[in-house]
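Below: one structure, written as structure tokens.
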Amino acid sequence: MEQLNIMSLRFPKRYLIVLLTFISTNVCYIERMGFSIAYTVAADAIGVDQSSKGLILSTFYYGYVVSQVPGGWAAQRLGGRRVLLMSFVLWSSTCALVPLDPSKVSILVLARLLVGVAQGFIFPSIHTVLAQWVPPHERSRSVSLTTSGMYLGAAGGMLLLPSLVKYKGPQSVFVVEAALGAIWSILWFKCASDPPRSDHPKAMAAGFGESLLPKTRLKDKMRVQNGGNSLNATKIPWKRIIFSLPVWAIVVNNFTFHYALYVLMNWLPTYFELGLQLSLQEMGSSKMLPYLNMFIFSNIGGVAADHLITRRILSVTKTRKLLNTVGFIIAAFALMALPYFRTSAGTVFCSSLSLGFLALGRAGFAVNHLDVAPRYAGIVMGVSNTAGTLAGIVGVGLTGSILEAAKTANLDLSSSESWRSVFFVPGYLCIFSSVIFLIFATGERIFE
């Protein structure tokens, strides 16, 4: 028993929680990348047209965008731990039960909508869990590590899943994704728990103070003692959240981050093939470098932010603004320089630099959910992630319109002039968003 206590002191429970949330985002992005790869191969094999492929591939995001705010509400009411588990069980079951048959469009549309809705609950739930478990001086690196799982999952999926499809067929990807989701669900069910409450003597003795958990009013404590639920009894301050300028600073930067990310994810392959006249197969593993760079820089940003805060070098507010500004400004210049590079090496360098520093900037705006509203972190995350998902829909569509306009104007898509606006728009958005964050953001707790 004594040895077990020593081990628990060396590896606190909150570290296990953070590790499991990191794995969860990794698995989610393997699923997203895997479906795109497997469906594209299966659809091309039977001659599905591009518009139908686009419908199926985009359906996920429509389900994803509508469940962000409800996901935050559900995590607030039911608890992030439970909602996260239900989300994983739902999308994993869908992957396991639905056959990958491109000819059955209606079934695939419903399945991708369901997966999108289920995964839309994940990030609000994760932020609710981290707000409860992680102390302020560890929040930056905890959130950065958790979100960096997305980029590692995307990189790993892009590197490994094409071979799986080639040797085992497209349906094998669904089987692997469902298995990964099921394994994670079992681990989460067995290992995760709600945090100890700060108003319990044992929780205080374990080192969990007021900073770890939402503040509990005397009236709510009475309800808890009488068997009630303080979360259900607490009214969510929707009006204050919607009209809060610091919240809008987070929302604007989340929109810009995902606009740039989704434009590069969806249109960079086209830039290589049409703009540079290069085949993606010729690039080998170099096409995954931007995502690996995001994984590295995301964690660098988290460690740097916690160091600046813990050592009292900068306040929380100044730390968030510094990292957000450095990340977004450098990303802006890298994005605007990208169309002037006419080689694969130069393009990979600029895209890696831009995505890497955007990931660094997440130690600013993305962690800020937990600073301003630890009690309602899931709600605020749901609001801002709705904007982020809409950014992907708007950005990908607008980029297509820009390129179509270039073709109408008889511009050659192999010229840098045709692609300038594609990369300048997210570049300008990065500059604008960093200014908004500098003016309106705060690292102080504004929702009690």
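The values are calculated or read from the model by the stated rules, or taken from the named source; none is laboratory data. Nothing here was measured: the structure is a model prediction, and the numbers come from that model. Using ideal geometry, Cβ is built from the backbone for each residue, glycine included, and neighbour counts are taken over all protein chains shown. What goes into the accessible areas is simple: the full protein's heavy atoms, side chains included, and nothing from ligands, DNA or RNA. Shrake-Rupley method; radii C 1.70, N 1.55, O 1.52, S 1.80 Å.
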Query raised in the report: Among 89-100, 65-76, 419-430, 119-130, what's the highest-first ranking by average C-beta atoms within 10 angstrom per residue?
Result: 119-130, 65-76, 419-430, 89-100
Query raised in the report: Which translational diffusion coefficient, to the nearest whole µm²/s, is obtained for the range 239-447 from the Stokes-Einstein equation, given a Kirkwood hydrodynamic radius over C-alpha pairs, 4 °C and 1.567 mPa s?
Result: 74 µm²/s
**Report entry** Value of [θ]222 nm, deg cm²/dmol, for the chain, DSSP H segments ≥ 4, -39500 (n - 2.57) each, nearest 500
**Finding:** -25500 deg cm²/dmol
Report task. State which helices in the chain qualify, where a helix is a whole DSSP H run, it must extend 27 Å or more along its own axis by its Cα atoms, and its mean Kyte-Doolittle hydropathy must be at least -0.5. Result -> 13-45, 139-168, 171-191, 245-270, 289-310, 316-337, 377-408, 416-440
Query - Convex hull (Cα only) mean projected area of the range 10-60, reported in nm² to one decimal - result: 4.2 nm²
Report summary line: the range 10-198 -> Rg/Rh from Cα coords, Kirkwood Rh, value 1.00
Query raised in the report: Which log10 I(q)/I(0) values, to two decimals, does the range 272-374 give at q = 0.15, 0.17 Å⁻¹ under the Debye formula with one point per Cα?
Result: -0.65, -0.76
Query raised in the report: Could you give the dipole magnitude of the chain about its Cα centre, charging the beta-carbon of Lys and Arg +1 and that of Asp and Glu -1, in debye to the nearest 20?
Result: 1560 debye
Report summary line: For the range 10-198, whose charge dipole is built from +1 on Lys and Arg Cβ atoms and -1 on Asp and Glu Cβ atoms, the candidate among VAL69, HIS137, ILE23 with its Cα farthest towards the positive end is HIS137
Requested in this report: Return the Cα extents of the chain along principal axes one, two and three, sorted largest first, each rounded to a whole Å.
Outcome: 71, 48, 44
Query raised in the report: Measuring from centroid to centroid over Cα atoms, what is the spacing of the range 142-199 and the range 10-82 in Å?
Result: 10 Å
Report summary line: Order by accessible surface, 1.4 Å probe, largest leading, for residues TYR15, TYR167 comes to TYR167, TYR15
Query raised in the report: In square nanometres, what is one fourth of the surface area of the convex hull spanned by the alpha carbons of the range 75-158?
Result: 6.7 nm²
Report summary line: For the range 90-192, the accessible surface attributable to carbon and sulfur atoms (probe 1.4 angstrom, ligands and nucleic acids excluded) amounts in percent to 75 percent
Report summary line: Expressed in square angstrom to the nearest 10, the accessible area of HIS258 with a 1.4 Å probe stands at 20 Å²
Report summary line: For the range 316-392, the Kirkwood Rh over every pair of distinct alpha carbons, in Å, works out to 13.7 Å
Query - Cα-based Lys proximity count in the range 10-198, under 30 Å, for pairs eight or more positions apart or on separate chains - result: 6
Query raised in the report: For the range 87-161, which trypsin sites (Lys or Arg not before Pro) are in a loop by DSSP, counting at most 14 other Cβ atoms within 10 Å?
Result: LYS104
**Report entry** Three-way shape label, the range 135-193, alpha-carbon gyration tensor, a/c 1.5
**Finding:** oblate
